[in-house]
Amino acid sequence: MKLLYLLPMLFLTACSSQAPKAILSEATATETFIDEPVTSTGRYFAYVPSPSILIFSETRDWRHEEGIAGANLAIMKAAKEMGHGYFTTEHSGIFNEKDLARFDVIVFNNMTGDALTPEQELAFAKWQSKGKGTVLLHGAGDDSHQDWSFYHNELLGATFVSHPMAPQFQPARVEILQPTHPVMAGMPKDFMAIDEWYTFDAPPSDDFIVLAGLDESTYSPVNTVYGDRSDLRMGPKPVDHPIIWSRCIGDMQARVVFNAMGHRYESYETEETLLLLKNMLNWAAKKTDPQSQGCAK
Ligand SMILES: [Zn+2]
């Protein structure tokens, strides 16, 4: 009954000259914000120290709420220890030439989906070609970035297939395959971690250096819950199942390092993963490897 009384009122409101305008302008503003990020050169300058680490976690596909929060906190702490500034944002408007110039390293913290416009992707590629560093975490390496071929092929270099679902999170042994690489400085030769373990269609090409791999005998690489592939094995040896890899690109040796671990908040609380994160940031910023020895195959 109440609804019947309300209907004529709603109709009248919608037809009045005042109310619909307000509703329309709100909706338009929201849509503009989500679908057409503003290229806002200078918008952030007053607040961002330089050099800094840009931590970007916009999601247009699966959102790792816990992983994003855990990584943001851990990266901010690491940045302070490195003497770097940091800036976290989920707004891709910062991907313009002038704003990106303030950053040495960009972390794609569980970024998913088509988060950047073509112009913003070009601004990133131009920034990166100057020898800058990029760190990709977990969801940033899933299969939702294939529209951006440079990112998918040159930065990531492998196509995500699936991960176990029953159970989703399992302990597994990670083996360090390049113990002398700066990203692995201070790391034990292997360690156990609990995570959502990604499987890829194949290891990355020889352009990349596989730094760590997964021992499939220590967890159940199976997903019978969804998808058309239940057997998620890549091979019996850790080198067959890469989990962390890096690459140096171009004359300026721009660096990129990807860690497929990092779904959970707790993923960023263990001693090993915190050291790894700090090493990745330092290496990407060319702080620990100024001669690019970690780029040599
Ligand atoms: Zn995940």
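The values are calculated or read from the model by the stated rules, or taken from the named source; none is laboratory data. As the structure is a prediction and not an experimental result, all values here were calculated from the model. Quick reminder, even Gly has a Cβ in these numbers, built from the backbone with ideal geometry, and neighbours come from all protein chains shown. All accessible areas refer to the heavy atoms of the entire protein, side chains included, with ligands and DNA or RNA removed. Shrake-Rupley method; radii C 1.70, N 1.55, O 1.52, S 1.80 Å.
In the stretch 45-295, what is the count of Lys pairs whose alpha carbons are under 15 Å apart, counting only pairs at least 8 residues apart or on separate chains? Number of lysine pairs found: 12. Could you check how much of the accessible area of the stretch 113-194 is carbon and sulfur, as a whole percent, using a 1.4 Å probe? Within the stretch 113-194, the accessible surface is 57 percent carbon and sulfur.
What does DSSP give for the stretch 45-295 in terms of the percent of beta bridges that are antiparallel, rounded to the nearest 5? Taking every DSSP beta bridge within the stretch 45-295, about 50 percent pair in antiparallel fashion. Solvent exposure of LYS287, expressed as accessible area, is near 100 Å², computed with a probe of 1.4 Å over the protein chains only.
In the context of the full set of protein chains, the stretch 160-293 has a per residue accessible area of 44 Å² (1.4 Å probe).
Please label the shape of the stretch 192-234 as rounded, prolate or oblate, based on the square roots a ≥ b ≥ c of the eigenvalues of the alpha-carbon gyration tensor (a/c under 1.5 means rounded; beyond that, a/b larger than b/c means prolate, else oblate).
Working: a/c = 2.58, a/b = 1.38, b/c = 1.86.
It comes out oblate by the Cα gyration axes.
Peptides 78-86, 66-74 ranked from most to least packed give 66-74, 78-86, packing being the mean of other C-beta atoms within 10 angstrom over each peptide's residues. Placing VAL107, VAL161 in order of accessible area, with the largest value first and a 1.4 Å probe, yields VAL161, VAL107. Counting only heavy atoms of the protein chains and using a 1.4 Å probe, TRP62 has close to 150 Å² of accessible surface.
Computed with a 1.4 Å probe over protein heavy atoms only, the accessible area of MET187 comes to about 30 Å². Let a ≥ b ≥ c be the square roots of the eigenvalues of the Cα gyration tensor of the stretch 45-295; is it rounded (a/c under 1.5), or, if not, prolate (a/b larger than b/c) or oblate? The shape class here is prolate.
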